Each structure stands twice: as C-alpha cells, then as structure tokens.
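Notes follow once the structure below has been shown.
The values are calculated or read from the model by the stated rules, or taken from the named source; none is laboratory data. From a predicted model like this one, the values you see are computed outputs, not experimental measurements. With ideal geometry, Cβ positions are generated from the backbone for all residues, glycine too; neighbour counts draw on all protein chains shown. Heavy atoms of the whole protein, side chains included, go into the accessibility calculation; ligands, DNA and RNA do not. Shrake-Rupley method; radii C 1.70, N 1.55, O 1.52, S 1.80 Å.
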Amino acid sequence: MRKKVIAIYPGSFDPPTNGHLDLIERGAKIFDVLIVAVLRNSAKTTPLFSVEERLSMLRKTTKKWDNVRIDAFAGLLVDYAVRCKAQVVLRGIRAVSDYEYELQMALMNRKLNKGLETMFMMPAGAYSYLSSGLVREISALGGSVCNLIPKVVERELKRKLAASSRKSKTKQE
Ligand code: PNS
C-alpha cells in the first residue's frame with residue numbers, strides 16, 4: 001500500500017490571501033493531507049490579526065477541501081513536521097525575489113532534518129505580486145483589495161481597521 005504523503009504549508013497568513021488559497025488548492029490536489037500551519041511566535045512585525053483570527057479565516061476559506069487541516073505551531077518547523085509525521089514542506093514562490101529566502105530556509109530545514117523535503121509551487125500569475133503585507137498596507141490606506149483576498153477576510157479586515165480607527169480617535173479625544 002502506498003504511504004500517505006503529509007505536507008505542511010507553513011506561514012504567517014496575516015491575513016490569508018487568494019494567493020495562499022491558490023497554493024492550498026494546488027497542494028490539496030497533490031498531497032494526501034495538507035496541513036496549513038500558522039506560526040505562533042513570529043519575530044516579524046506586530047501582527048494585524050491574532051493567530052486565532054487567522055486560524056478561523058483559514059478554516060472558513062478551506063472547508064471545501066476534505067484533506068486540508070488548519071493548525072498553529074510554535075518553535076522549529078522541522079520539530080512540528082516530526083510531530084505531524086509530515087514528509088514535505090510546501091512553499092510558494094511568486095517571483096525570483098522570493099527564491100533566495102526560500103532556498104536558504106529549505107536548505108537550513110534540510111540541514112536540521114534531512115528526511116524533510118521542501119517543495120515549491122507557483123501560484124497563478126494573477127497573484128505573483130500579491131502579499132499579505134501589501135494587503136495590510138493598501139487596506140490601511142483606504143485602497144481596494146477586492147479580488148485579492150477572500151470575502152471573509154475582506155469583512156474581517158474592514159472590521160479590524162474600523163476598530164483600530166475608533167481606538168485612535170478615542171485616544172486623540
Ligand atoms: O509566511 P512567512 O512569514 O514567510 O513564513 C515563514 C515561516 C513560518 C515558514 C518560517 O518563519 C518558519 O518556518 N518559522 C518557524 C521557525 C523555524 O523553523 N525557523 C527556521 C527556519 S529555517
């Protein structure tokens with residue numbers, strides 16, 4: 001019997017975009033199980049959405065794929081992969097500019113666990129310029145991000161930005 005291939009698609013997903021969903025759809029077709037894993041202890045900038053909010057948005061937007069699981073992890077990805085019995089890490093490469101960082105991570109993860117393979121997939125060309133960071137910036141400045149993020153995420157983003165503008169108004173008063 002063929003061994004089940006379990007893959008992890010790790011990331012910040014702050015917030016999930018249509019580019020992430022495009023990759024999830026591609027991954028779900030290839031792997032027996034695809035675990036979309038949100039990093040808990042990111043050293044990056046202060047997140048806009050809490051991990052629980054990101055998990056909830058990912059759950060809502062991926063429920064049509066039976067083999068996709070949503071989870072969060074802390075610590076090293078290679079250790080989490082061992083706990084999940086995953087053989088593959090899935091990452092997206094949008095443009096050449098992603099390659100250097102991804103190569104470094106893939107090779108470092110291989111050094112830490114030589115049994116874990118990183119596989120790269122390209123999202124649809126329409127998402128090659130899309131990133132969560134740009135979505136956060138454009139929506140904070142009042143620009144439109146429609147067709148770039150799922151409707152659920154669009155609603156949550158509006159709610160979050162309205163709450164933060166109310167907060168800053170109250171502070172000014
Ligand atoms: O979407 P991102 O922010 O580019 O994802 C980066 C992520 C979560 C894949 C990476 O930071 C990661 O794997 N962090 C877990 C800690 C770890 O294992 N670091 C060593 C990576 S070589």
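Could you tell me what percent of the accessible area of the stretch 1-61 is made up of carbon and sulfur, with a 1.4 Å probe and every protein chain present?
55
With both bridge residues required to lie in the chain, what share of the DSSP beta bridges run antiparallel, to the nearest 5%?
0
How do MET1, MET57, MET121 rank by accessible surface area computed with a 1.4 Å probe, from largest to smallest?
Greatest to least solvent exposure: MET1, MET121, MET57.
Calculate what fraction, in whole %, of the accessible area of the stretch 81-173 sits on carbon and sulfur atoms when a 1.4 Å probe is rolled over the protein chains.
Carbon with sulfur: 59 percent of the solvent-accessible area.
State the volume of the convex hull built on the alpha-carbon positions of the stretch 1-81, expressed per residue in Å³ and rounded to an integer.
Cα convex hull per residue, to the nearest whole number: 89 Å³.
Order the following by accessible area, largest value first: GLU137, GLU117, GLU154. Probe radius 1.4 Å; ligands, DNA and RNA are ignored.
The residues order as GLU137, GLU117, GLU154, largest area first.
Using label points projected 7 Å from each Cα along Cα→Cβ, tell me how many nm separate LYS169 and LEU141, to one decimal.
It works out to 2.3 nm between the two label points.
For the chain, evaluate the Debye formula with one uniform point scatterer on each Cα (no solvent term) and list log10 I(q)/I(0) at q = 0.12, 0.15, 0.20 Å⁻¹, rounded to two decimals.
Treating every Cα as an identical point scatterer, log10 I(q)/I(0) equals -0.57, -0.87, -1.47.
In the stretch 81-173, what is the volume of the convex hull around the alpha carbon atoms, normalised per residue and reported in Å³?
In the stretch 81-173, the Cα convex hull volume per residue is 165 Å³.
Could you work out the relative contact order of the chain, using alpha carbon pairs under 8 angstrom and six or more residues apart, expressed as a whole percent?
28
What FRET efficiency would be calculated for the residue pair SER97, ASP66, taking the C-beta separation as r and a Förster radius of 45 Å, to the nearest 0.05?
Result of the calculation: an efficiency of 0.85.
May I ask you to give the solvent-accessible area per residue for the chain, in square angstrom, as obtained with a 1.4 angstrom probe?
Per-residue value: 60 Å².
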